[in-house]
Structures are given as structure tokens and as C-alpha cells.
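The block underneath contains the structure these notes are about, expressed in C-alpha cells.
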Amino acid sequence: MRLGNIIEELKKHDPETKIRLGFCEPHSYRGIYSELAFEPCKNTTVGDMLKCCKEAKKRTFEGYKGGEFTYNNDTECHLAWYGGSGETLGRYLLMFMLGETEWKWVAHDFNK
């Protein structure tokens, strides 16, 4: 899922909503340095995750083996510990983090 899509989805939710298993700590993704990763974290809020996403667009990150990378709304995102390969941070995973109980995305929308 792209960073801009994650931001837009998070904006639709109350920032005070408690998230049992979410994400924090942005960094360059070990698998593809030009992509962004967030570390998994417990007991956060929608607002904290949104802030983390917005701040990631303002920083320059060092790749795991060097180089400098900046990210924007079109950057693909992952859920991974620093130095790990993790997994894609996609719509299904974000939906579960946010506690969604109904499918609200349609199949043709998954590649955005």
C-alpha cells in the first residue's frame, strides 16, 4: 500500500482510537531501500500512526547499507523491524489494525 493511501485511510478514523497492534518508527525498508517500513508496535493510537506517516515524508532516511532516501505519497510501505524483510503493509493488514469488521474496499482498488 502506498504511503498516501495509508494516510488517507487513517484520516477517516478518530485519532484517539486505541490500536492494540499497530506501527511506529519509520525507516528505510531492508528489502528495497527506496521503500518505507514501519516497525510493529503495541498500544498506539490512530493519531500516533498518522503522525508517524506524515513525519516520514519530511525526513531523509539512510538505507540499511547506505544511501539516502526520501519518501512521498507514492512510496510503497512495509511492516518490518529495522534490518528485517517483514511484509507489505497492505489494505487487509491496515484494516485489521484499525478493527474494521466490514469489507469496504472493492477488488479493483487493491493496487492503489
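Considering the chain, which cysteines have no disulfide-compatible partner, defined as another cysteine with its Cβ under 4.7 Å away? C52, C53, C77 - these cysteines have no disulfide-compatible partner (Cβ-Cβ under 4.7 Å) in the chain. For K42, list the aspartates and glutamates whose Cα falls under 16 Å from its own Cα; do not include residues on the same chain fewer than 8 positions away. Leaving aside aspartates and glutamates fewer than 8 places away in the same chain, those within reach of K42 are E16, E25. Using a Gaussian network model of the chain in which every pair of alpha carbons under 10 angstrom is joined by a spring, one finds that among C24, C77, C53 the greatest mean-square fluctuation is at C24.
Among residues other than Y29 with Cβ under 9 Å from its Cβ, the summed charge is -1 (Lys and Arg +1, Asp and Glu -1).
Of the trypsin sites (Lys or Arg not before Pro) found in region 40-78, the ones in coil according to DSSP and having at most 16 other Cβ atoms within 10 Å of their Cβ are K57, K58, R59, K65. By DSSP, the beta bridges lying fully in the chain are antiparallel in about 85 percent of cases. For the chain, the relative contact order works out to 32 percent when only alpha carbon pairs closer than 8 Å and six or more residues apart are counted.
Since every read-out is calculated from the coordinates, none of them should be taken as a lab result. Not measured: the values here are computed from a predicted model. Methodologically, a virtual Cβ is constructed for each residue, glycine included, from the backbone with ideal geometry; neighbour enumeration extends over all protein chains shown.
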